[in-house]
Each structure stands twice: as C-alpha cells, then as structure tokens.
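The values are calculated or read from the model by the stated rules, or taken from the named source; none is laboratory data. Remember, it's a predicted structure, so these values are computed and weren't measured experimentally. Quick reminder, even Gly has a Cβ in these numbers, built from the backbone with ideal geometry, and neighbours come from all protein chains shown.
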Amino acid sequence: MRANRSLEIGTGLFVLLGLAALLFLTTQLPSSGMKFGFGTPPGYQVTAEFDNIGDLKVGAPVKMAGVRIGEVTNIGFDTNSERAKVWLNIHKRYNQIPVDSFASIDTEGLLGGQYVSISPGGLTTYLKNGSRIMETQSALVLENLINKFFANFSSKSGSGSQGGSKGPK
Amino acid sequence: MSNGSREGVQEALRKTGVTALFFGRLLAACVPALARPRLIIAQVYNAGARSLIIIMLSGLFTGMVLGLQGYDLLQRFGATSALGIAAALSLLKELGPVLTALLFAGRAGTALTSEIGLMRATDQLTAMEVMAVDPMRHVAAPRFLGGLIALPLLTAIFIVIGLFGAQLVGVQMMGVDRGIFWSQMQSAIALKDVTEGVVKSVVFGAVLSLIAVNEGYHADPTAEGVGRATTRTVVASSVMTLLLDYVLTAAFL
C-alpha cells in the first residue's frame with residue numbers, strides 16, 4: 001500500500017507539472033494569450049506621448065545613456081491629443097531625472113527591437129510618480145525614410161542624365 | 001523474381017498487416033481499459049514521471065545551447081533582440097517535440113518492449129489468456145495510454161525548461177535585455193505555433209507507444225528475440241519520429 005501511495009503522488013506531481021507547462025505555453029507565449037507578467041521592480045510611473053511609436057512593445061526597456069533604468073509597462077492611444085501614450089516604469093534608485101528630459105524611440109541594431117531612450121535635460125526639478133515627459137521624438141520608421149529618400153532621389157535625377165537610366169520606367 | 005526476395009516481400013507485408021491489425025485491437029481494448037485507471041496511472045508514472053529528470057536536463061542544455069548558438073548567429077547581424085523568438089520557435093516547433101520523442105523512445109519505449117517481450121518469453125501473457133484475462137486489455141492498452149498521456153506532458157516540460165535555459169544564457173550571460181527577450185518572443189508567437197508543437201507531441205506519443213507495445217507483444221519468445229525487438233523499437237521509433245515530423249511540419253505550414 002505504501003509503494004502504491006508514493007507512485008500515485010509521483011504521477012500526480014508529474015501530471016500537474018506537465019499541465020502547468022502546457023498552461024504556460026498557451027497563455028504566456030502567444031501574442032493572443034493573457035500575460036501574468038513577471039512583476040515590475042518597484043519604481044515610479046511616468047508617461048510620454050509620441051506621434052508614432054513604431055514597433056515598441058510592452059516590456060521594452062527604458063534606457064538612459066545605454067543603461068537600463070526601467071521598462072514600458074503600458075501602451076495606449078490618447079484620444080484627446082490623438083497621439084500614442086506610453087507608460088514607463090522607472091526604477092526607484094534613478095530618482096534624479098530632470099523634468100525637461102527628452103524621450104525618443106530608438107532601435108537596437110539594424111534589425112533589433114525598439115526601446116525608449118531618455119536624454120537628460122538641465123533642470124534641477126526631477127520626474128516623479130505621475131509626471132509626463134514633454135519633449136519626445138517618434139520612432140524612426142524605415143519605410144518612411146526609404147520613401148523620402150526615393151522621392152528626393154527621383155526629383156533630383158529627373159533633370160540629370162546619370163541616374164535617369166536606372167530610374168522608374 | 002527469386003524465391004527468397006518474394007518471401008522477404010511477403011514477410012514485410014505480413015508484418016505491416018500484423019501491426020495494423022494490432023493497432024485496431026489495441027484501440028478497441030483502450031475503451032474497457034479506461035475502467036481501470038489504476039493500471040494507466042502506474043504506466044503514466046513509468047513512462048512519464050521516471051523520465052522527468054532526463055527530460056529536464058536535456059531541455060535545459062538544449063535551451064542553453066540554443067541561447068549560445070542563436071546569440072552567436074544573431075549578433076553577426078546585430079539582431080540579438082530576436083534571440084527570444086528564435087529560441088522559442090525552434091523549441092516549440094521542432095526541438096521540443098522531436099528531441100523529447102527520441103529520448104522517450106530510448107528511455108520508455110525500450111522499457112515497454114523488453115517488459116512485454118519478457119512477459120511473452122516467460123509465458124505470462126499465455127497464462128493470462130488461460131485465466132480468461134485479456135492481456136490486450138490489462139497489459140497492452142494501459143501501456144499504450146500511459147505513453148500517449150506522458151509524452152505531450154514531457155514535451156511541454158522540455159520546452160518550458162528549454163526556454164528558461166535559453167534565457168539563462170542569452171540574458172544572464174550574454175546580456176540580451178530581459179524585457180526585449182520576452183516581449184519580442186510574445187509578440188511574434190501565435191497560438192498556432194503552440195498548437196503545432198502539441199499536435200506533434202500527441203502524434204509522436206501515439207506512434208511511439210504503438211511501436212513499443214507492438215514490438216514487445218510480437219517479440220520472439222527468446223532472450224535473443226526480446227533483445228532484437230528492443231533494438232527494432234529504437235530504430236523504428238527514431239525513423240518514424242523524423243519522418244512524421246517532416247509530414248506534420250508540411251501539413252502545418
């Protein structure tokens with residue numbers, strides 16, 4: 001009877017572990033699933049509004065001079081200003097960020113993910129819970145850049161003969 | 001056609017037929033076998049719980065090597081933020097189901113074949129029949145169902161441990177950002193990718209358990225025959241896993 005009992009406990013443990021793993025795979029991995037989140041470290045919340053956030057995602061890091069100081073906790077659309085609103089959680093020990101700091105969305109490497117980069121301003125009043133970063137710059141959208149480049153290129157090559165041969169037919 | 005090769009073809013056809021008929025009888029025996037869940041629980045323990053350590057260790061190191069190799073490949077293009085996606089997709093769709101199935105064939109499949117083969121060799125199966133106890137129902141079906149239940153669970157555990165292994169190397173050792181690792185992964189993976197891995201593992205579970213039980217049940221009742229049946233289980237399981245993996249991948253794309 002003893003051996004039987006430990007066998008049943010072992011099987012139960014194994015089945016529970018397996019089901020927990022399945023639950024993790026179906027809820028935590030796919031974009032459609034609900035996330036429990038890994039718990040953000042204690043900090044204070046600030047917001048910033050951008051014209052275009054590009055490919056920025058919840059969980060992306062917030063960096064200052066390349067050092068991670070927090071993460072994006074939420075992304076929404078503000079209907080009043082018609083801009084994207086991004087909530088940032090800044091870790092507690094980075095509590096001396098000037099209020100006139102500048103937030104921009106940068107890309108890590110050529111194909112990398114996007115993150116929020118903060119460049120410090122010069123004031124001696126600091127960001128605190130609930131404050132908003134006023135100065136922002138949108139994400140660089142590569143397609144727009146290429147469009148601009150080609151528009152520029154074709155308008156220039158229209159008069160010249162060098163680029164004309166390779167231009168659009 | 002020479003007489004020998006004709007006999008060879010006939011023998012191969014006969015074996016295929018025996019396996020197919022056995023599969024039918026096995027499925028028919030599964031329904032009454034469900035009335036005795038204790039037998040199935042014991043087999044889930046044998047095939048699943050006792051394979052847990054080897055599966056977790058292999059998953060951890062597979063994930064860690066994915067983290068290393070993936071990082072080395074991606075940093076050449078400056079795309080290390082895609083490490084999470086690369087690790088998760090390869091674990092979910094290929095490495096998780098296939099490696100778990102191969103390990104399962106070696107760890108649990110061989111045990112099933114030699115156990116049933118030895119029962120055959122020592123006339124235990126015949127003795128059961130004499131006592132009007134159906135060995136299909138009491139020996140074969142619970143082992144088949146146990147393997148069918150255990151393999152998908154083992155696969156899920158393998159994948160989750162592998163993911164944490166990849167994050168261990170990628171994030172803790174190589175310095176990929178933890179938020180980017182997980183958020184990129186979560187935004188790129190669809191439920192369909194998870195389904196693909198689960199369906200594969202269920203199919204592998206059914207096929208590998210069938211092969212193991214069938215080889216044991218039809219083993220030559222000698223010490224040598226049981227040994228040969230065990231070898232055939234590993235060979236047939238590995239080949240079928242890789243072959244079916246291609247078919248299932250093609251079906252899902």
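General remarks:
- Residues (touching a residue at least 60 places away in the same chain (Cβ under 8 Å) and among the charged types (D, E, K, R)) located in region B:81-130: B:LYS93, B:GLU94, B:GLU115, B:ARG120, B:ASP123
- Criterion: among the small types (Gly, Ala, Ser) and out of contact with any helix residue (DSSP H, G or I) (no Cβ under 9 Å at 6 or more places or on another chain) - qualifying residue of B:GLY67, B:GLY78, B:GLY59, B:GLY63: B:GLY78
- Here B:MET173 meets the list (1) within 12 Å of another protein chain (Cβ to nearest Cβ); (2) closer than 30 Å to B:TYR71 by Cβ almost entirely, failing just condition (1).
- Counted residues, region B:72-94 - those being closer than 21 Å to A:ASP106 by Cβ and more than 12 Å from chain A (Cβ to nearest Cβ): 0
- In region B:184-196, the residues that are over 16 Å from B:GLY96 (Cα atoms) and touching a residue at least 40 places away in the same chain (Cβ under 8 Å) reach residues that are among the β-branched types (Val, Ile, Thr) and surrounded by fewer than 21 Cβ atoms within 10 Å (Cβ to Cβ) with C-beta atoms within less than 7 angstrom, at least six apart or across chains, in these pairs: B:GLN184/B:ILE85; B:MET185/B:ILE85; B:ALA188/B:ILE85.
- Some residue of region B:51-63 being under 20 Å from the mean Cα position of the chain (by Cα), buried (at least 21 other Cβ atoms within 10 Å of the Cβ), within 30 Å of B:HIS218 (Cα to Cα) and within 14 Å of chain A (Cβ to nearest Cβ): yes
- Any hit, region A:106-129, residues being within 14 Å of another protein chain (Cβ to nearest Cβ), of a type in the set (Val, Ile, Thr), surrounded by fewer than 17 Cβ atoms within 10 Å (Cβ to Cβ) and in a strand (DSSP E or B): no
- Looking across region B:146-164 at every residue that is surrounded by fewer than 24 Cβ atoms within 10 Å (Cβ to Cβ) and more than 12 Å from the chain's Cα centre (by Cα), the one that is nearest to the other protein chains (Cβ to nearest Cβ) is identified as B:ILE161.
- Test: residue in region B:220-227 that is crowded, with 17+ Cβ neighbours inside 10 Å and either touching a residue at least 12 places away in the same chain (Cβ under 8 Å) or on the phi > 0 side of the Ramachandran plot (or both): yes
- Conditions (1) touching an Asp or Glu at 6+ places or on another chain (Cβ under 7 Å); (2) at pLDDT below 85; number of the one not met by A:LEU123: (2)
- Every condition in (1) more than 30 Å from B:VAL176 (Cα to Cα); (2) modelled with pLDDT of 90 or more is met by B:ALA12 except one, and the failing one is (2).
- Test result for B:LYS15, away from every other protein chain (no Cβ under 14 Å) and among the charged types (D, E, K, R): yes
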